[in-house]
1. Across the stretch 245-261, what is the number of residues that are small (Gly, Ala, Ser), within 17 Å of the chain's Cα centre (by Cα) and outside any loop (DSSP other than H, G, I, E, B)?
2. Just to be sure, is Ser108 assigned to a loop (DSSP other than H, G, I, E, B) and either modelled with pLDDT of 95 or more or farther than 20 Å from Glu437 by Cβ (or both)?
3. Take Leu95 and tell me if it is under 21 Å from Ala34 (Cβ atoms) and among the hydrophobic types (A, V, I, L, M, F, W, C).
4. Could you list, in sequence order, the residues of the stretch 234-262 that are of a type outside the set (Gly, Ala, Ser), surrounded by fewer than 22 Cβ atoms within 10 Å (Cβ to Cβ) and touching a Ser or Thr at 6+ places or on another chain (Cβ under 8 Å)?
5. Just to check your reading of the model, which residue among Ala570, Ala531, Ala503, Ala527 is at pLDDT below 90 and either outside the structural domain of Asp457 (by TED's automatic domain parsing) or not acidic (Asp, Glu) (or both)?
6. Return a yes/no flag: does the stretch 149-163 have any residue that is without any contact (Cβ under 8 Å) to a residue 12 or more places away in the chain, on the phi > 0 side of the Ramachandran plot and in a loop (DSSP other than H, G, I, E, B).
7. Of these, Met397, Met453, which one is more than 26 Å from Pro533 (Cβ to Cβ) and touching a Gly at 6+ places or on another chain (Cβ under 7 Å)?
8. Given the conditions (1) crowded, with 24+ Cβ neighbours inside 10 Å; (2) within 27 Å of Thr495 (Cα to Cα), which single one is not true for Phe405?
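The values are calculated or read from the model by the stated rules, or taken from the named source; none is laboratory data. These figures come from a predicted structure and were not determined experimentally. Virtual Cβ from ideal backbone geometry, glycine too; neighbours counted across all protein chains shown.
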Amino acid sequence: MTTVAELLIESLADHGVRQVWGVVGDALNPVTDAIRREDRVEWMAVRHEEAAAFAASAQSQLTDDLAVCMGTVGPGAIHLINGLYDAKKSKTPVLAICGQVPREEMGSDFFQEVDNDVLFADVSVFCETITSIDQVPRIIEQAVNAALSERGVAVLSLPGDVGGLDLPKNTAVPRFLPAQPVLGPDPDAVRAAADAINAAGSVTFLVGQGARHARDEVFRAAELLSAPMVLSLKAKEGFDDDNPYEIGQSGLIGNPATAKAFEACDALVLIGTDFPYPEFLPTGKTVVQLDLRGAHIGRRTPVDHAVVGDSRLSLAALLPLLQEKSDRGHLDEARKLYERWVSGQQHFTDADYDHKKVGLLRRKVDNPDGLIRPELLAAAIERHADDDAVFTTDTGMSTVWLSRFIRMNGKRRLLGSYNLGSMANAMPMALGAQALERDRQVIALCGDGGISMLLGDLITAVSEELPVKLVVFDNGRLGMVKLEMEQVGLPEFGTVLHNPDFAKVAEAIGMRGIRVTDPHDVDGAVADALAHPGPVLLDVLTNPDEIALPPKPTLAQGWGFAIAKTKEFAVSPE
């Protein structure tokens, strides 16, 4: 006889699921027992279910396929929610298997009972509770197919008395959808978009993750139109390397070249991006948007011409209709401004910068204690990381430094909570990535606030023998919040973190711990950490007052910083 739990795990294994992340417990004991007896599926035990959901989200994004996490009755399921929202916002398929109280107790406010169907309604594309063995194959198929086809989270709840039930003989094993077909654009929409682009003078591209598989087509269009290319952070994977049109990112992690390219263009072409910051986008331009999802059209900025369909197919249809723009002035100006900005940023990657003539004045302003500049650390990671490394970043300043100093080369991968913007994602995402390929280098750029929020799952790296490299930008602050406060003239408050020696914490847990306080030791420490065969935590004390300006600082922001600093000097944030 086959049980409900055994059928569920067999169907997932048949689909190719290799790991399930979670914490064991009560209602889901039949499921974990089925995993124990299924050689094709590995149980990945975490210390907090949020880490399980983040790890599954990372695996799904890396494989572009289903990943699975579990949380048992009540609190266990609730802990999954933040990581599941990351999967939802990243539009990646994840199955969450959740426990529920026994059927006869449902609705009675039983111990630990929560209404999973209500709890997960917003985060999921499918959410159902199995209450009868007659439902089993059908609901399992519906759950997984919904996650795969709608690129989202499916939640399947099992009451405590259901997982171990025997199924009728010859119950069919659920089978799931193959890869989804790609959708081509409407020819009339393509023609209208081409006419608008041809009628415009200068053109700027904003390219997103949805165009990564269309690199050749995007390059041909940029060459034909002499268009500078602003990249979303998630587009770095596909467009960061060997790109003569790239001018970096926009938003708070942007630079002056992107602001200039937006401001000076006549037409803005959005390709496979849902860039979420409309205040950084230009107004008064002809806007063309190419996106697979019609719901994305116009929700960030008004769009004059929409082309709904796969970006590669849309560009392939658009290219023959485009007229060459031979004047490269717009592109060349943006590229020169970008290259000048990049060159200026490199000053901060010198360990002796604060002691040289060029850095003495700035040191008095923003680094009087001579702490390690985070740019120096990020540049060292870039220098020593493998060509095919997987990078994860915590939300906040560590993402800023990665965006500016670490290059994707076509083989490297990049993950972060770039749509949800959660803290504490880098380490558990790194665990998920490392579990997929234990021989591949996985580097997490962690904030000190982020690493301390889920600190217990450092133990998972040791217990599951995952050789992740965790680099902590330890500035004793919630750095992005500090920046946000200062921009509007508020002194930092509540942002100071009283951290332990994270390297010693790591050593107590059983992993290699390295702590760096001298800028001249950074390069060697990074090389040592990345060469170590097991898990490592590299704790680097960095400057909390490092200024990462937006691409086009306003006078109000300048006054805000000045006023904030005056208030901070008057009243210590401690």
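1. 1
2. It is true that Ser108 is assigned to a loop (DSSP other than H, G, I, E, B) and either modelled with pLDDT of 95 or more or farther than 20 Å from Glu437 by Cβ (or both).
3. Here the answer is yes, as Leu95 does meet what is asked.
4. Ile253
5. After applying the criteria, what remains is Ala570.
6. no
7. Testing whether each residue is more than 26 Å from Pro533 (Cβ to Cβ) and touching a Gly at 6+ places or on another chain (Cβ under 7 Å) leaves just Met397.
8. Exception for Phe405: condition (1).
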